[in-house]
1. Is it the case that the range 177-192 has a residue that's out of contact with any Lys or Arg (no Cβ under 7 Å at 6 or more places or on another chain), assigned to a loop (DSSP other than H, G, I, E, B), at pLDDT below 85 and open to solvent by less than 20 Å² (accessible area, probe 1.4 Å)?
2. Identify the single condition in (1) open to solvent by 30 Å² or more (accessible area, probe 1.4 Å); (2) assigned to a helix (DSSP H, G or I); (3) within 20 Å of Pro46 (Cα to Cα) that Val139 does not satisfy, given that it satisfies every other one.
3. Please verify whether the range 148-158 includes one or more residues that are farther than 30 Å from Ala84 by Cβ, polar (S, T, N, Q) and within 19 Å of the chain's Cα centre (by Cα).
4. Just to verify a result, which residue in the range 84-111, among those that are in contact (Cβ under 8 Å) with a residue 12 or more places away in the chain and farther than 18 Å from Ile43 by Cβ, is nearest to the chain's Cα centre (by Cα)?
5. Give all pairs with beta carbons closer than 9 Å in which a residue from the range 4-21 that is part of a helix (DSSP H, G or I) and open to solvent by less than 50 Å² (accessible area, probe 1.4 Å) meets a residue that is at pLDDT below 80 and charged (D, E, K, R); count only pairs at least 6 apart in sequence or on separate chains.
6. Only one of (1) without any contact (Cβ under 8 Å) to a residue 60 or more places away in the chain; (2) of a type in the set (S, T, N, Q); (3) assigned to a helix (DSSP H, G or I) is not met by Ser119, so which one is it?
7. Answer yes if at least one residue in the range 53-73 is of a type in the set (A, V, I, L, M) and over 30 Å from Gly140 (Cα atoms), and no otherwise.
8. Just wondering, is there one or more residues in the range 157-170 that are of a type in the set (Asp, Glu) and buried (at least 20 other Cβ atoms within 10 Å of the Cβ)?
Amino acid sequence: MQDFGSAFGEAFRLVVALDPALVEIVGLSLRVSLTAVLVAGLIGLPIGAALAVVRFPGRGAALVGLNALMGLPPVVVGLLVYLALSRAGPLGPLGLLYTPSAMIIAQMILVIPIIAAVSRQTIEDMKDEYDEQLRALGVGPFGMVATLLWDARFSLLTAMLAGFGRAVAEVGAVIIVGGNINHVTRVMTTAIALETSKGDLALALGLGLILLVLAITVNAAVMALRRTAGHASFA
């Protein structure tokens, strides 16, 4: 096993030199997580907005369920997706198990409740402010959902970024459905776990540095978008 000093130096060299193995792993991680978040946004944003605008029997239970789903254990999600995609599962004939598509599905399931819950709160706050005006204009529930989604677009991007942060840091679910196969399904988190267990700290640290930079970048983007949303609302 490498000592920490030499491992950190080698990790920095791998990052600066854009080591092909490191670049491949990072590229796959970003492709999987960004795809999962985009699909989750297409599903989660309308769900959150509808829960904020529409009043229906059982809405309270739906909100409780949505908040509970935010705390879904990743390994449980991974197990359920594995069972669905395995040969004996209902989606087995699609042959998606141990592919990037399986990891996208698992991350998407984990991210949808986060995006839906954050967007619901954002839209509900905005609805309280503009409800009278929209009703006076004769805007119905579906029109209200579309209008509020557009008006809250900057704030809702923070929900998407929060979902991306959750997805890119996921390890439990993706290792179950992806298998951590080299050059096929090996992403940053699973590679870090594997390389650390092998004692190859350089690659693990290099990937860890990139994950840390991504986390800082996402948080900075969230803060910037919140300021932008605040200025837009004030204007």
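The values are calculated or read from the model by the stated rules, or taken from the named source; none is laboratory data. As the structure is a computational prediction, the values presented were derived from the model and not from experiment. Methodologically, a virtual Cβ is constructed for each residue, glycine included, from the backbone with ideal geometry; neighbour enumeration extends over all protein chains shown. Just so you know, the surface numbers come from the protein's heavy atoms only, side chains and all, with ligands and any DNA or RNA stripped out. Shrake-Rupley method; radii C 1.70, N 1.55, O 1.52, S 1.80 Å.
1. Scanning the range 177-192 turns up no residue that is out of contact with any Lys or Arg (no Cβ under 7 Å at 6 or more places or on another chain), assigned to a loop (DSSP other than H, G, I, E, B), at pLDDT below 85 and open to solvent by less than 20 Å² (accessible area, probe 1.4 Å).
2. Result: Val139 passes all but (2).
3. yes
4. So, considering only residues that are in contact (Cβ under 8 Å) with a residue 12 or more places away in the chain and farther than 18 Å from Ile43 by Cβ, the one nearest to the chain's Cα centre (by Cα) is Pro100.
5. Sorted first by the residue in the range 4-21, then by its partner, the pairs are Ala7/Asp200.
6. Only one criterion in (1) without any contact (Cβ under 8 Å) to a residue 60 or more places away in the chain; (2) of a type in the set (S, T, N, Q); (3) assigned to a helix (DSSP H, G or I) is unmet by Ser119, namely (1).
7. Within the range 53-73, one or more residues are of a type in the set (A, V, I, L, M) and over 30 Å from Gly140 (Cα atoms).
8. Yes, some residue in the range 157-170 is of a type in the set (Asp, Glu) and buried (at least 20 other Cβ atoms within 10 Å of the Cβ).
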